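Undergrad: Mind looking over this structure? Questions follow.
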Number of protein chains: 2
Amino acid sequence: MTNIKDLAKMAGVSVTTVSRVLNHHPYVSEEKKNAVLAAIKASNYQQNINAVHLSKGKTQLIGVVLPYSDHPYFSKLLKGIAQQALEQNYHLVLFQTDYKECRELGALRMLKQKQIDSLIICSRSSDWSTIEEYLPYGSIVLCEDVKDRQVSSTYVNHYKIFYNALEYLYKKGHQRIGYVIARKSGTNSQYREKAYRDFHTKYQLSYQPDYIIDECLYFEDGEKAINRLKKMKTPPTALLVTSDQVAAGIVVSCQTHGISIPNQLSIIGFDNQPIAKMMNITTIEIPLLEMGRSLFLQAVQSDLTNKELSSRLIERDTVSYKEKNK
Amino acid sequence: MTNIKDLAKMAGVSVTTVSRVLNHHPYVSEEKKNAVLAAIKASNYQQNINAVHLSKGKTQLIGVVLPYSDHPYFSKLLKGIAQQALEQNYHLVLFQTDYKECRELGALRMLKQKQIDSLIICSRSSDWSTIEEYLPYGSIVLCEDVKDRQVSSTYVNHYKIFYNALEYLYKKGHQRIGYVIARKSGTNSQYREKAYRDFHTKYQLSYQPDYIIDECLYFEDGEKAINRLKKMKTPPTALLVTSDQVAAGIVVSCQTHGISIPNQLSIIGFDNQPIAKMMNITTIEIPLLEMGRSLFLQAVQSDLTNKELSSRLIERDTVSYKEKNK
């Protein structure tokens, strides 16, 4: 492959002159410049962008850490990030972690080695102390409430959203309410669990740990959730389901099992994905595209910001009024 | 930030010596080596990986072009690619194109500039001549049947799969068969259309262009497909639906519209996604994870290979036998 020395030889000029032409330096005679440009054209010379990145200290690559690229929640978030990246002429390096900490560390190491300019962590596996260790090397942006910490973040208030949804169901007469989530260990789920406990304390309801159904991510996990409910002596009368896909799966599974929605089981989904609209599922809209765009902007901006986005309840056909059985 | 000159100064050695230590060169005295290592530790020096890439001519980054990262077909394919990439210590740069040619060109240019080592195009927008222009700069791997062309590819035989599925429905008594696809213009859809035409010719059936329903990608597009069918005077009695998500949407939409499946409308989905299993949809299994893994392997191997993967029909509950109305 042609290098800068070959170009100098072909053009009959010094290496310095070629370098000046490549870097648009002003003090090059028109004649020499044309000779270099002709040599570039003749040799189909292509500058190695890694040399440019080395000199600039920037790669125009932003890393994105997410557990599953095939989950609708994360793929919609990724879509928002990708849309904004495209507008600003950046590209994304994908780290699919399956929630394995070592894979997240791989992404952090790439930040340290300057192979990416910044890192967006859509759902975190490693401890805060690990994240902190890598902060000197570039921006790290999180999708969770991390106020008072030295990183940017965009998030929704999962505590408030969950608490409000539980109160909404309570006011509709529901006292046995369960919820369906992906994993118990994440920051967001810890906020949800706190809201769930606080709600039970406030309304003096008995807290049932088995009403928390975890490991439900996809449409087909709706069947799993219903199977769990069917084994309970007194199953919940309402479920908060933190993914519309799973909520839709529950609706279809209930049809198979002859469980009437909303009469026997009320459902509130999350995200307001198109599947919820099509199946008339009451849901809480989370602005995932906007969240993705905001995360990207924070990744390329130097100042630290924490942005809380709002959500809203969209009432459709899957919640019924339940008479209290006093 | 510390650079190699600073390290030399701190260690009291020459820049050449530092460089030798960094590159594990053998001819460095133990004393000098220890001085350099101490300076590296004290300064928390971090090698810029772009310098390493520049000297090696490799980045360990593979580009992946796909139209939509939030579509289940592509996200499952991406999952397979990502799994294999992880095993071989590569990372993926994502190009979400929305089928815009200029965005695919952006990916090709990154290949030319050596910012990525190879490029996997999951669904192509640009002409073959454009692809050809970039072949000298690195491996380009395609997910379509491109025999006799100088690229590697992994694909399923869409012509054969479609033809066999049409014959299967014909043998069940169906003579008015339609199909539902994402876009008409792709190579794969052109194979499908050819199979559809050839099938009609062979069995002397009248070819109905309006039985081809395009722009259906997501679950919620099932409703759109059914609305199109409802406007037809003599709608098809069976549909091949090239996405299980759309097939599932059609099943749910038919419930709403009081159309009985399979009695009034038979359905064959594609991919064998979990949603098809849960909803008992007859489908054609496409090994997407295996396809993704194979595409990745081809991207990092230097020899050109063309790999056809096999598919299989999984019979469930959405195809009925139809008496011929002669």
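Undergrad: Quick one: would you say B:Lys224 is within 14 Å of another protein chain (Cβ to nearest Cβ), more than 24 Å from B:Glu167 (Cβ to Cβ) and either surrounded by fewer than 22 Cβ atoms within 10 Å (Cβ to Cβ) or of a type outside the set (S, T, N, Q) (or both)? Give the derivation first.
TA: On the way: within 14 Å of another protein chain (Cβ to nearest Cβ): yes; more than 24 Å from B:Glu167 (Cβ to Cβ): yes; either surrounded by fewer than 22 Cβ atoms within 10 Å (Cβ to Cβ) or of a type outside the set (S, T, N, Q) (or both): yes.
Against the criterion (within 14 Å of another protein chain (Cβ to nearest Cβ), more than 24 Å from B:Glu167 (Cβ to Cβ) and either surrounded by fewer than 22 Cβ atoms within 10 Å (Cβ to Cβ) or of a type outside the set (S, T, N, Q) (or both)), B:Lys224 qualifies.
Undergrad: Still on this structure, I have one more. For the range A:17-31, how many residues meet the condition of being surrounded by 12 or more Cβ atoms within 10 Å (Cβ to Cβ) and without any contact (Cβ under 8 Å) to a residue 12 or more places away in the chain? Show your work before the answer.
TA: Of the residues in the range A:17-31, the ones surrounded by 12 or more Cβ atoms within 10 Å (Cβ to Cβ) are A:17-22, A:25, A:28.
If we keep only those that are without any contact (Cβ under 8 Å) to a residue 12 or more places away in the chain too, we end up with A:20, A:25, A:28.
Matching residues across the range A:17-31 total 3.
Undergrad: Another question, then. Somewhere in the range A:299-311, is a residue within 28 Å of A:Arg176 (Cβ to Cβ) and of a type in the set (D, E, K, R)? Working first, answer last.
TA: Here is the first cut: in the range A:299-311, the ones within 28 Å of A:Arg176 (Cβ to Cβ) are A:311.
Next, only the ones that are of a type in the set (D, E, K, R) stay: none.
No, because not a single residue in the range A:299-311 is within 28 Å of A:Arg176 (Cβ to Cβ) and of a type in the set (D, E, K, R).
Undergrad: Identify, please: which residue in the range A:170-190 is at pLDDT 95 or above and surrounded by fewer than 20 Cβ atoms within 10 Å (Cβ to Cβ) and is, among those, farthest from A:Leu265 (Cα to Cα)?
TA: Start the filter on the range A:170-190 by keeping residues that are at pLDDT 95 or above, which leaves A:170-181.
When the remaining residues are screened for being surrounded by fewer than 20 Cβ atoms within 10 Å (Cβ to Cβ), the result is A:170-173, A:175-176.
Working: A:Tyr170: 14, A:Lys171: 16, A:Lys172: 13, A:Gly173: 12, A:Gln175: 12, A:Arg176: 10 Å.
Filtering first and then ranking leaves A:Lys171.
Undergrad: Additional query: Does the range A:119-139 contain at least one residue that is among the aromatic types (Phe, Trp, Tyr) and in contact with a Phe, Trp or Tyr (Cβ under 8 Å, 6 or more places away or on another chain)? It would help to see each step written out before you state the result.
TA: Keep residues of the range A:119-139 that are among the aromatic types (Phe, Trp, Tyr), which gives A:128, A:134, A:137.
Narrowing further to those that are in contact with a Phe, Trp or Tyr (Cβ under 8 Å, 6 or more places away or on another chain): none.
The answer is no, given that none of the residues of the range A:119-139 is among the aromatic types (Phe, Trp, Tyr) and in contact with a Phe, Trp or Tyr (Cβ under 8 Å, 6 or more places away or on another chain).
Undergrad: Here are the criteria: (1) assigned to a helix (DSSP H, G or I); (2) in the same structural domain as A:Gly173 (by TED's automatic domain parsing). Tell me which single one A:Cys216 does not satisfy.
TA: Here A:Cys216 meets the rest and fails (1).
Undergrad: Still on this structure, please answer the following. Quick check on the range B:47-65. Is at least one of its residues closer than 30 Å to A:Ile275 by Cα, at pLDDT 80 or above and among the aliphatic types (A, V, I, L, M)? Before you say what the answer is, go through the steps one by one.
TA: As a first pass, look at the range B:47-65 and keep what is closer than 30 Å to A:Ile275 by Cα: B:64-65.
Restricting the remaining residues to those that are at pLDDT 80 or above gives B:64-65.
Filter once more, keeping what is among the aliphatic types (A, V, I, L, M): B:64-65.
Yes, the range B:47-65 contains a residue that is closer than 30 Å to A:Ile275 by Cα, at pLDDT 80 or above and among the aliphatic types (A, V, I, L, M).
Undergrad: Here's a follow-up. Please identify the pairs in which a residue from the range A:57-68 that is farther than 17 Å from A:Gly186 by Cβ has its Cβ atom under 7 Å from the Cβ atom of a residue that is part of a loop (DSSP other than H, G, I, E, B) and among the small types (Gly, Ala, Ser), counting only partners at least 6 apart or on another chain.
TA: none
Undergrad: Kindly provide the set of residues from the range B:249-307 that are more than 14 Å from chain A (Cβ to nearest Cβ), part of a helix (DSSP H, G or I) and polar (S, T, N, Q), ordered by number.
TA: B:Ser294, B:Gln298
Undergrad: Quick check on A:Ile81: is it in contact with a Gly (Cβ under 9 Å, 6 or more places away or on another chain) and not assigned by TED's automatic domain parsing to the domain that holds A:Thr283?
TA: Numbers: in contact with a Gly (Cβ under 9 Å, 6 or more places away or on another chain): yes; not assigned by TED's automatic domain parsing to the domain that holds A:Thr283: yes.
So A:Ile81 passes the test.
Undergrad: A follow-up question, please. Could you grab me the full set of residues in the range A:138-172 that are closer than 20 Å to A:Ile121 by Cα and among the charged types (D, E, K, R)?
TA: Passing the criteria: A:Glu144, A:Asp145, A:Lys147, A:Asp148, A:Arg149.
Undergrad: Further, regarding this structure: Can you tell me which of (1) among the charged types (D, E, K, R); (2) free of Cβ contacts under 8 Å to residues at least 12 places away in the same chain; (3) at negative phi is the one A:Arg183 doesn't meet?
TA: (2)
Undergrad: What do you reckon, is B:Leu265 crowded, with 17+ Cβ neighbours inside 10 Å and touching a residue at least 60 places away in the same chain (Cβ under 8 Å)?
TA: On the way: crowded, with 17+ Cβ neighbours inside 10 Å: yes; touching a residue at least 60 places away in the same chain (Cβ under 8 Å): no.
When the stated conditions are applied, B:Leu265 does not pass them.
Undergrad: Of all the residues that make up the range B:222-243, how many are farther than 20 Å from B:Lys172 by Cβ and touching a residue at least 40 places away in the same chain (Cβ under 8 Å)?
TA: Kept after step one, since they are farther than 20 Å from B:Lys172 by Cβ, are these residues of the range B:222-243: B:222-228, B:230-233, B:243.
Checking the rest, the ones that are also touching a residue at least 40 places away in the same chain (Cβ under 8 Å) come to B:225, B:243.
Of the residues in the range B:222-243, 2 are farther than 20 Å from B:Lys172 by Cβ and touching a residue at least 40 places away in the same chain (Cβ under 8 Å).
Undergrad: Which numbered condition in (1) of a type outside the set (Ser, Thr, Tyr); (2) more than 26 Å from B:Asp98 (Cβ to Cβ); (3) surrounded by 14 or more Cβ atoms within 10 Å (Cβ to Cβ); (4) over 19 Å from the mean Cα position of the chain (by Cα) is the only one that B:Glu193 fails?
TA: Among (1) of a type outside the set (Ser, Thr, Tyr); (2) more than 26 Å from B:Asp98 (Cβ to Cβ); (3) surrounded by 14 or more Cβ atoms within 10 Å (Cβ to Cβ); (4) over 19 Å from the mean Cα position of the chain (by Cα), the lone unmet condition for B:Glu193 is (2).
Undergrad: Does at least one position in the range B:78-85 carry a residue that is basic (Lys, Arg), under 15 Å from the mean Cα position of the chain (by Cα) and closer than 22 Å to A:Asp70 by Cβ?
TA: The first filter runs over the range B:78-85 and keeps only residues basic (Lys, Arg), leaving B:79.
After this cut, where a residue has to be under 15 Å from the mean Cα position of the chain (by Cα) as well, the list is B:79.
The next check asks that each one be closer than 22 Å to A:Asp70 by Cβ; those that pass are B:79.
Checked against the condition, which is being basic (Lys, Arg), under 15 Å from the mean Cα position of the chain (by Cα) and closer than 22 Å to A:Asp70 by Cβ, the range B:78-85 yields at least one hit.
Undergrad: Return only the number of the condition from (1) part of a loop (DSSP other than H, G, I, E, B); (2) modelled with pLDDT under 95 that A:Gln245 does not satisfy.
TA: Single failed check for A:Gln245: (1).
Undergrad: Another question, if that's okay. Looking at the structure I just gave you, is A:Cys216 within 13 Å of another protein chain (Cβ to nearest Cβ), in contact with a strand residue (DSSP E or B) (Cβ under 7 Å, 6 or more places away or on another chain) and either crowded, with 22+ Cβ neighbours inside 10 Å or not small (Gly, Ala, Ser) (or both)? Walk me through how you get there before you give the answer.
TA: Working: within 13 Å of another protein chain (Cβ to nearest Cβ): yes; in contact with a strand residue (DSSP E or B) (Cβ under 7 Å, 6 or more places away or on another chain): yes; either crowded, with 22+ Cβ neighbours inside 10 Å or not small (Gly, Ala, Ser) (or both): yes.
Against the criterion (within 13 Å of another protein chain (Cβ to nearest Cβ), in contact with a strand residue (DSSP E or B) (Cβ under 7 Å, 6 or more places away or on another chain) and either crowded, with 22+ Cβ neighbours inside 10 Å or not small (Gly, Ala, Ser) (or both)), A:Cys216 qualifies.
Undergrad: Taking the condition of being in a strand (DSSP E or B) and over 20 Å from the mean Cα position of the chain (by Cα), how many residues in the range B:168-188 meet it?
TA: First pass over the range B:168-188, keeping only residues in a strand (DSSP E or B): B:177-180.
From the residues that got through so far, the ones that are over 20 Å from the mean Cα position of the chain (by Cα) too are B:177-179.
Matching residues across the range B:168-188 total 3.
Undergrad: Only one of (1) modelled with pLDDT under 90; (2) in contact with a strand residue (DSSP E or B) (Cβ under 7 Å, 6 or more places away or on another chain) fails for B:His71. Which number is that?
TA: Of (1) modelled with pLDDT under 90; (2) in contact with a strand residue (DSSP E or B) (Cβ under 7 Å, 6 or more places away or on another chain), only one is false for B:His71: (2).
Undergrad: Another question about this same structure. So in the range B:219-242, with the set limited to residues that are in a helix (DSSP H, G or I) and acidic (Asp, Glu), which one is farthest from the chain's Cα centre (by Cα)? Steps first, please.
TA: Just the residues of the range B:219-242 that are in a helix (DSSP H, G or I), to begin with: B:221-230.
Narrowing the set further to residues that are acidic (Asp, Glu) leaves B:221, B:223.
Numbers: B:Asp221: 21, B:Glu223: 25 Å.
Only one residue fits best here, namely B:Glu223.
The values are calculated or read from the model by the stated rules, or taken from the named source; none is laboratory data. In this text, all values refer to a predicted model and were calculated from it rather than measured experimentally. Ideal geometry is used to build each Cβ from the backbone, glycine not excepted, and the neighbour counts take in all protein chains shown.
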